[in-house]
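The values are calculated or read from the model by the stated rules, or taken from the named source; none is laboratory data. Since this is a predicted model, take the numbers as computed values, not measurements. Here the Cβ positions follow ideal geometry from the backbone for every residue, glycine too, while neighbour counts run over all protein chains shown.
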Amino acid sequence: MTAPVRVLVCDDQPLIRTGFVTIIDAQPDLEVVGECADGQAAVDLARQVKPDMVVMDVRMPVLDGIEATRRLAGSGVAQPVKVLVVTTFNLDEYVYEALRAGASGFLLKDAPPAQLLHGIRTVASGAALLAPEVTRQLVGRYAERIRPAETPADDGPLTPRELDVLRLIADGRSNSEIAATLVISQETVKTYVSRILTKLDLRDRVQAVVYAYRSGLVT
């Protein structure tokens, strides 16, 4: 039997935190190994209990979720922990910063329990990406507010076809949808995605979406 995914829940609102813990612990394949109410406690507790992933609020006392995410999953962290950020609708700038800090994905706090569980399993699976429908939420609700960099990113390393694939990723398309659009196999799409992430030094598709909007490749 596969060991359950070990989850640490961090949210400064007791009611929401308790709700998350109850929902997660009710699943046979998930296990809550700790809960806390601020980012510093999340960092300290994660180092003690070594969870597989952290469900992280953004705005919290002592240390906010963005900095806590950076310390747990940011570049240069020796043993990064997967982080799923949960936030309210009007915190798009915080979500963007959290993704830049190393979060593997995000969900809205008012998402139904099934979507929370799906997000946890997706991030914990090792794929380090969000389901296409969740990526579409990022694109539809947040990406239009991401300001392009003053100097467009250098997309020189990418071939024209890789740019096509990147734009479709940013549109929230799944591998099968990209394959159908470009009339190529899904295996070829996977190869392109891997090359894009490697060339641009990105960890996952979420970062690719942010990159595409930030660089002005997609508006």
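In region 163-207, how many are more than 18 Å from LEU99 (Cα to Cα), in a helix (DSSP H, G or I) and of a type in the set (Lys, Arg)? Count: 4. Restricting to region 197-219, what's the tally of residues that are in contact with a helix residue (DSSP H, G or I) (Cβ under 9 Å, 6 or more places away or on another chain), of a type outside the set (Lys, Arg) and farther than 18 Å from THR159 by Cβ? So the answer is 7. Looking across VAL210, VAL139, one residue alone is part of a helix (DSSP H, G or I), at pLDDT 60 or above and under 30 Å from PRO112 (Cα atoms). It is VAL210. Being under 18 Å from the mean Cα position of the chain (by Cα), at pLDDT below 95 and β-branched (Val, Ile, Thr) is a property that holds for VAL86.
Note on region 1-26: among residues that are of a type in the set (Asp, Glu) and in contact with a Lys or Arg (Cβ under 9 Å, 6 or more places away or on another chain), the one that is nearest to VAL81 (Cα to Cα) is ASP11.
Scanning region 64-92 for residues that are hydrophobic (A, V, I, L, M, F, W, C), out of contact with any strand residue (DSSP E or B) (no Cβ under 7 Å at 6 or more places or on another chain), closer than 23 Å to LEU116 by Cβ and assigned to a loop (DSSP other than H, G, I, E, B) returns a single hit, LEU91. Of everything listed in (1) surrounded by fewer than 24 Cβ atoms within 10 Å (Cβ to Cβ); (2) at pLDDT 95 or above, the single unmet condition for GLY74 is (2). Residues in region 24-39 include none that are in a loop (DSSP other than H, G, I, E, B), under 24 Å from PRO113 (Cβ atoms), within 17 Å of the chain's Cα centre (by Cα) and charged (D, E, K, R). Scanning region 16-47 for residues that are acidic (Asp, Glu) and either outside the structural domain of ASP110 (by TED's automatic domain parsing) or surrounded by 19 or more Cβ atoms within 10 Å (Cβ to Cβ) (or both) yields GLU35, ASP38.
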